Amino acid sequence: MNSPQKFSLIDGIFSAEDGKDILMHLLNHKIQFHQRKNMSAYERTCENDPHSTRRLAELHEVISNLYPLLKTAIEEGKSLKIESRVHISIIDEEIQKKRMPELMEVA
């Protein structure tokens, strides 16, 4: 294991329209990623990937919760301060398999 590396992906003040575009593009890209993983898993095993299925539901919930905020900001002509940080650690694959086996690819 190592100490996490931290990266700033989004950090700024945006018009509500630009903020909406940035956030929706990011969320849609993540949704497409998990849809592809599900399709690939289904083609191999006739079952969806459990992690991707769970993440798809979570991402759709994020969008549902985000829309009212974005709508309000757009209607009121407000700006959005958006910060998104990513923390990445390199871990041993065997440790990951023991902790969360559903996240590991099926061979």
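Here are the numbers:
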read-out	value
Per-region count, segment 1-54, residues touching a residue at least 40 places away in the same chain (Cβ under 8 Å), surrounded by 11 or more Cβ atoms within 10 Å (Cβ to Cβ) and among the polar types (S, T, N, Q)	1
Matching residues in segment 55-73 - criterion: being of a type in the set (D, E, K, R) and either within 14 Å of the chain's Cα centre (by Cα) or surrounded by 14 or more Cβ atoms within 10 Å (Cβ to Cβ) (or both)	55, 58, 61
Test: residue in segment 83-101 that is basic (Lys, Arg), touching a Ser or Thr at 6+ places or on another chain (Cβ under 7 Å) and at pLDDT 95 or above	yes
Selection within segment 61-84 - in contact (Cβ under 8 Å) with a residue 12 or more places away in the chain and within 11 Å of residue 20 (Cα to Cα)	63, 66, 70, 73, 74, 79, 80, 82
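The values are calculated or read from the model by the stated rules, or taken from the named source; none is laboratory data. What you see is a predicted model, and the numbers here were worked out from it, not measured in a lab. Cβ sites come from the backbone with ideal geometry, for glycine too, and all protein chains shown count toward neighbours.
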